[in-house]
Number of protein chains: 2
Amino acid sequence: MAYTYEYARPALTVDCVIFGYEASASSLKVLLIRRKLPPFAGDWSLPGGFVQIEESVEAAAIRELQEETGVADVFLEQLYTFGAVDRDPRDRVVSVAYYALVSLQRHPLQAATDAQWFELSDLPELGFDHTEILGYAVERLRRKIRYEPIGFELLPETFTLSQLQRLYEQILEREIDKRNFRKKLLKMDLLIDTGRKETGVAHRAAQLYQFDVQKYQLLKQNGISFEVV
Amino acid sequence: MAYTYEYARPALTVDCVIFGYEASASSLKVLLIRRKLPPFAGDWSLPGGFVQIEESVEAAAIRELQEETGVADVFLEQLYTFGAVDRDPRDRVVSVAYYALVSLQRHPLQAATDAQWFELSDLPELGFDHTEILGYAVERLRRKIRYEPIGFELLPETFTLSQLQRLYEQILEREIDKRNFRKKLLKMDLLIDTGRKETGVAHRAAQLYQFDVQKYQLLKQNGISFEVV
């Protein structure tokens, strides 16, 4: 089968930056694929693929995410479209990048055979312009976690205040003042105390909380932002 | 000339939401094009066009902006990529949307013959999904003006504090408390007092200010945000 057009068309792909978080180890990871074929054969790259002609760009991103991780019902947002002329040595390829947030407690790891989770702090060199795309995703995550509660997408259903703080510290790559963080957090009144405590820990068991999604939606309509740091 | 591919490819376009601001009239406008050909012939739409195979997506947006307004050296930022399957009745077309901010004092209007500035508060119906794209751009502008000083792109080189406040009021579509606004603004110490006053006004002439770009860049590196409302 061949498709003919009057004017040359770039190929259109999606690339996905899939962040995974393991709260028990305070470990922020990214899912990468080992490339088998040239260009960049043997190198690691972001999972991605062509946008099919009968699917929306967003559907293509959801499909890629599902193929690589086995999950589809997680946070997924469009990041940016990368359209430099020479970003792929084979052909003119424009890529719409997405980023996903996966709690590795809630969605146990089902990475495809060619895929592997890497610590964000210890990444290999990536093919194409994927280092730039990944950097862009990390920036978005850092900015967004300061005014929207997307961090909760990365945590288990219930979590301790220390776990929440460590997630922020991992993403922002700096220490956060515990007292100030808790004060701002509790003032927003968006956490539900489950009445339960964590189990199986050597230290004194801490209180477990849940995020109050409904209350947040209500506050958001009135223009409140989620500013804890 | 014809171009043949193994797999079907969507056409790729850029669409530009060009905001123009006239400080003297506190008037926020959008540049629209009257369509001559079907679909949506006679309707208004955002300026846009196909991404050429030898130009980057960003270069295509800059070219469109220049063709429609005669200016190129203004604020232009990628907004979002719209990729629904049926958004163009003729063909599968994916569009990368951009938005531009133009001060109509600094860049006198040179709209192309088929183009016209519309008040943001009084827009006609738009073809395609352009009402959605425009709504997305307005949302971005509203959010961004709260944490980055992009409003200065829309004002003349020198401006009064009242002009700055009215710009915020136009964009946010609500009244702002004058005392609180000025207090936050002056506390950030990002305005330069030019020592001059506005001329040709019936009321008492107000002080003219400039935005301190260098100081802002310096503060930004340290993670300060521009929060005046």
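Bear in mind that the values in this text are calculations on the coordinates, not laboratory data. All values reported here derive from a predicted model rather than from experimental measurement. Heads up, the Cβs are rebuilt from the backbone with ideal geometry, glycines too, and the neighbour counts pull from every protein chain shown.
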> Which entries of A:187/A:215; A:144/A:178; B:187/B:215; A:215/B:184; A:144/B:144; B:184/B:215 show an alpha-carbon separation above 18 angstrom in the structure shown?
Replying inline: A:144/A:178; A:215/B:184
>> Cut-off 10 angstrom, C-alpha nodes, Gaussian network model of chain B. Which of B:45, B:103, B:162 fluctuates the most?
In response: B:162
>> Given contacts defined as C-alpha pairs under 8 Å and at least six residues apart, what's the relative contact order of the stretch A:11-147, whole-number percent?
In response: 34
> Name the GluC sites (Glu not before Pro) in the stretch A:128-229 that are in a loop by DSSP and that have at most 15 other C-beta atoms within 10 Å, would you?
Replying inline: A:157, A:173, A:175, A:227
> In the stretch B:48-138, which trypsin sites (Lys or Arg not before Pro) fall in coil by DSSP and have 16 or fewer other Cβ atoms within 10 Å?
Replying inline: B:90, B:106
>> How large are Rg and Dmax for the stretch B:11-122 when calculated on the C-alpha trace, in angstrom?
In response: 14.1, 43
> For the stretch B:153-222 and the stretch A:1-79, what is the separation of their Cα centres, given in Å?
Replying inline: 44
> Over the Cα atoms of the stretch A:74-178, Rg to Rh with Kirkwood Rh, two decimal places?
Replying inline: 1.00
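Just want to confirm a number: the relative contact order over chain A, from Cα pairs under 8 angstrom separated by 6+ residues, in percent.
Values: 366 pairs, mean separation 48.3, N = 229.
Relative contact order here is 21 percent.
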> Over all directions, what mean area does the Cα convex hull of the stretch B:150-221 project, stated in square nanometres?
Replying inline: 5.5
> For B:78-87, what's the mean count of beta carbons from other chains sitting within 10 Å of each residue's beta carbon?
Replying inline: 5
>> How far, in nm to one decimal, is residue B:172 from itself in the other copies if the label point is set 7 angstrom along Cα toward Cβ? Shortest first, please.
In response: 2.4
> Using the C-alpha gyration tensor of the protein assembly as shown, what are the square roots of 5 times its eigenvalues, in whole angstrom, with the largest one first?
Replying inline: 38, 35, 19
>> Only bridges whose two residues both fall in the protein assembly as shown count here: according to DSSP, what percent of them are antiparallel, nearest 5?
In response: 70
> If you keep only loop residues by DSSP, which trypsin sites (Lys or Arg not before Pro) in the stretch B:131-229 have at most 10 other Cβ atoms within 10 Å of their Cβ?
Replying inline: B:174, B:204
> Which whole-number value in Å³ per residue fits the convex hull of the alpha carbons of the stretch A:190-229?
Replying inline: 72
>> With every atom except the alpha carbons ignored, what do you get for Rg and Dmax of chain A, in angstroms?
In response: 19.7, 70
> How large is the helix-only mean residue ellipticity at 222 nm for the protein assembly as shown, computed as the sum of -39500 (n - 2.57) over DSSP H runs with n ≥ 4, divided by its residue count, in deg cm²/dmol to the nearest 500?
Replying inline: -8500 deg cm²/dmol
> Placing a label point 7 Å from Cα toward Cβ, how far apart in nm is residue A:205 from its equivalents in the other copies, listed shortest first to one decimal?
Replying inline: 7.5
>> I'd like the antiparallel share, as a percent to the nearest 5, of DSSP beta bridges with both residues in chain B.
In response: 70
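For the stretch B:150-221, what is the relative contact order in percent, using Cα pairs closer than 8 Å and at least 6 residues apart in sequence?
Reported relative contact order: 34 percent.
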> Can you list, shortest first and in nm, the gaps between the label point of residue B:1 and those of its counterparts in the other copies, using a point 7 Å from Cα in the C-beta direction?
Replying inline: 2.7
